[in-house]
Amino acid sequence: MPFPDERGQVAVVEYRPQWPAEFELLAGVLRDALGDLALGVDHVGSTSVPGLPAKDCIDVQVRLRSIDEARDEPLLAAIGFRCRPEPWNRIEVSGGQRCHKLVFAPPIGARSCNVHLREGSGPNARFALLFRDYLRADEDARRAWGAFKQRLALSVPDLLDYGQIKAPATEVLMAAAERWAAATGWSGSAAS
């Protein structure tokens, strides 16, 4: 479950042009806190795709050489970020591989965001970049994905239920993204 100060209900809103600038502010704070540990800081998730409706929560991916909770958690805690207690934190499966990760909530009262620490060479880091780049490139997929999320949020506003229903649909979307990547020679560029 989310922290008590966070919303447990899903609201998908129209794309907001200020999201990239809000990401840049978060990215600067994270780069300062993590220094040379951060191989890259990426705007990922739906707010990183111009024109895509999304939850008003900025997703930030920080690519590291390795995930070390004993090292990483105190660095982010020092700037107010809270390691998420949900059972899905710490391990995610991507491309059939178990990948280490850590996800952090913002400081209390700060802008809604999720900070995902991932190993830079991991398939889960690639997944986040492919999701973003495919939806940026394919207008039909972007429009269909946005409409799906808006309908789902209206009929299933509970955050946990929304996520469980969205997960298999995301797999279908990502199968199309993989075909697009193969057809275009997409390389996984990490530019924001």
For Ile91, which of the numbered conditions (1) buried (at least 19 other Cβ atoms within 10 Å of the Cβ); (2) free of Cβ contacts under 8 Å to residues at least 24 places away in the same chain fails to hold?
(1)
Tally the residues that are at pLDDT below 95 and more than 14 Å from the chain's Cα centre (by Cα), restricting the search to the stretch 91-107.
8
Looking only at residues in the stretch 1-49 that are part of a loop (DSSP other than H, G, I, E, B) and modelled with pLDDT of 95 or more, which one is nearest to His116 (Cα to Cα)?
Gly45
Is it the case that Ala27 is of a type in the set (A, V, I, L, M) and more than 17 Å from the chain's Cα centre (by Cα)?
no
Of all residues being of a type in the set (Lys, Arg) and open to solvent by 30 Å² or more (accessible area, probe 1.4 Å) in the stretch 141-189, which is nearest to the chain's Cα centre (by Cα)? Just the residue, please.
Lys166
Pick out the one residue from Ser66, Ser48 that is surrounded by fewer than 16 Cβ atoms within 10 Å (Cβ to Cβ) and either of a type in the set (S, T, N, Q) or touching a Lys or Arg at 6+ places or on another chain (Cβ under 8 Å) (or both).
Ser66
Out of (1) under 17 Å from the mean Cα position of the chain (by Cα); (2) within 28 Å of Glu69 (Cβ to Cβ), the odd one out for Asp32 is which?
(1)
What are the residues in the stretch 63-84 that are over 26 Å from Asp5 (Cα atoms), in a loop (DSSP other than H, G, I, E, B) and within 19 Å of the chain's Cα centre (by Cα), if any?
Arg65, Ser66, Ile67
Among all residue pairs at least 6 apart or on different chains, which show Cβ distances below 8 Å where the first residue, located in the stretch 118-133, is touching a residue at least 60 places away in the same chain (Cβ under 8 Å) and among the aromatic types (Phe, Trp, Tyr) and the second is outside any helix (DSSP H, G or I) and open to solvent by less than 20 Å² (accessible area, probe 1.4 Å)?
Phe131/Val44; Phe131/Gly45
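The values are calculated or read from the model by the stated rules, or taken from the named source; none is laboratory data. Values in this document were obtained by computation on a predicted structure and should not be read as measured data. Positions of Cβ are backbone-derived with ideal geometry, glycine not excepted, and every protein chain shown enters the neighbour counts. Note: areas computed on protein heavy atoms with side chains; ligands, DNA, RNA excluded. Shrake-Rupley method; radii C 1.70, N 1.55, O 1.52, S 1.80 Å.
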